[in-house]
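What follows draws every value from the coordinates through simple rules; no lab data is involved. Remember, predicted model here, so these are calculated numbers, not experimental data. All Cβ positions, even for glycine, are placed from backbone atoms using ideal geometry, and neighbour counts span all protein chains on display.
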Amino acid sequence: MKTTTLTAQFENFVALYTKDKEERVRFFVFFAGAIQLIVFTLLNIVGTIGIYHPFLQTVSFALLALCVAMVTLYLRRTLSLVSAFATFAITAQLLEMARIAFLLFLTPPGYEAMVIYYQVGSYTILLYLALGFIPQIPVLVTALNIATLLCVTLYDGHAIDQQIALLFALLCIFTCALAVISRRGLHKIQQENKDYQDTHNSILTAFNMSQSELIAYLQICRAKEPNSKHVDMLLSQLNEQSKHNLVHAAMVLKKKHDAQQLELSKCFPSLTHTELEVSRLVVEGKTLGEIALIMGKTTTNISTVRGNVRKKLGLQPSEDLVEKLKELATPANKALRKAF
């Protein structure tokens, strides 16, 4: 029960600061990056990892302050999530470059490993930008990363091996390309979703229905053999006025249909109810497949019914069923046209 409550509270907290799924993904990426930076920076400050030096410690404190400031400004809604993310990424990248430059000039014992360590940190910034769908900033961070790699490779003494530098450069380039491609793909999906939603809303507006009403209506209309389940589902979605209108329309339609069937039975007394219905649809110009779909039967069944109609009307194989039906309907042609 506690877990469910905490989950609900967390979901409400996220919903309070995000307006769509894209921003929700960005929210999680931003806070995951912030937590990671805080953990590693604290480890660096206490001396668990890294080289102890006042300048490097100062940069670590600056990174920690930057992280806390960006999170606070975002939660206070002073900055948007994209702005906080972008500011955090660029500033953190510049601080990483400052640490690498300091190590190159000072060259303390074991500095080569720390240069690679900080370069991994720079790449992690780019990776989080790609995962967060941040526009444009990944290109800038990639350029800064490659510039840093050139410095550490070409600087006197070669702080890191050229193969490692090439590996980092390729990783940065491909990650940047992935960031651009994924963002464009996301925007394309969002546009398709928007177009779908607009079409969906237009349909609901045109029918003056809610989504649940439309679904229930379509289910009963498209069912081959509507049953009480379909009817109950439709009625459960309608208000009293809609139910009254539906019942009234059904009664009017049934009366008209019964009157038409009566006229048809007078014209074709030998035909059964099903044969009369098939004959009506044949005269309307419906195809075999369309009649089968309308009546919820197979094409084989409809072909059999048509054959029975031809036999009862005494038609020869060369005679046209439609013309014969119209011919035999006179002198009740007016009533027949009304039915057809």
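Using only side-chain charges placed at the Cβ, +1 for Lys and Arg and -1 for Asp and Glu, the dipole size of the range 2-198 relative to its Cα centre rounds to 520 debye.
Summing Cβ point charges (Lys, Arg +1; Asp, Glu -1) relative to the Cα centre of the chain gives a dipole of roughly 1600 debye. From helices alone, the chain scores -27000 deg cm²/dmol at 222 nm; the rule is -39500 (n - 2.57) for each run of n ≥ 4 DSSP H residues, then divide by the residue total.
Across Gly110, Gly33, Gly50, mean-square fluctuation computed from a Gaussian network of the chain (C-alpha pairs under 10 Å connected) peaks at Gly110. Measuring between alpha carbons in the structure, the pairs from Lys256/Lys326; Lys254/Lys324; Lys254/Lys311; Lys229/Lys256; Lys255/Lys324; Lys255/Lys311 lying more than 24 angstrom apart are Lys254/Lys324; Lys254/Lys311; Lys229/Lys256; Lys255/Lys324; Lys255/Lys311. Please give me the summed charge of the neighbours of Ser270: other residues whose Cβ is under 11 Å from its Cβ, Lys and Arg +1, Asp and Glu -1. Charge balance in the 11 Å sphere: +1. Among complete DSSP H helices in the chain, those whose alpha-carbon atoms stretch at least 18 Å along the helix's long axis and whose mean Kyte-Doolittle hydropathy reaches 1.6 are 54-75, 81-106, 137-154. Ranking Gln162, Gly132, Ser122 by Cα position along the charge dipole of the range 113-209, where only Lys, Arg, Asp and Glu carry charges on their C-beta atoms, puts Gly132 farthest toward the positive end. GNM remark for the chain: springs join alpha carbons under 10 Å apart, and the peak mean-square fluctuation among Val71, Val25, Val283 falls on Val283. Each part gets one Cα centre, and for the range 79-148 versus the range 284-331 those centres are 78 Å apart. Subtracting the Cα-Cα distance of Lys256 and Phe207 from 0.36 nm times their residue separation leaves 15.2 nm of extension gain. Computed over the range 255-339, the Cα gyration tensor eigenvalues convert (square root of 5λ each) into semi-axes of 19, 16, 11 Å, ordered from largest to smallest.
Rg and Dmax of the chain, based on Cα coordinates, read 37.2, 112 Å. How large is the charge dipole for the range 255-339, taken about the Cα centre, if only the Cβ atoms of Lys, Arg (+1) and Asp, Glu (-1) carry charge, to the nearest 20 debye? The dipole of the range 255-339 has a size of about 200 debye. Since only Thr304, Ala69, Tyr217 are under comparison, the one whose Cα sits farthest along the positive direction of the charge dipole of the chain, derived from C-beta charges on Lys, Arg, Asp and Glu, is Thr304. Close amide H contacts of Ser210 (hydrogens built in the peptide plane, cut-off under 5 Å, sequence separation of 5 or more or a different chain): none are found. Taking trypsin sites (Lys or Arg not before Pro) in DSSP loop states with no more than 14 other Cβ atoms inside 10 Å as exposed sites, the chain has its longest site-free stretch at 78-223. Annotation for the range 1-88: chymotrypsin sites (Phe, Trp or Tyr not before Pro) lying in DSSP loop with at most 16 further Cβ atoms inside 10 Å of their Cβ are Tyr52.
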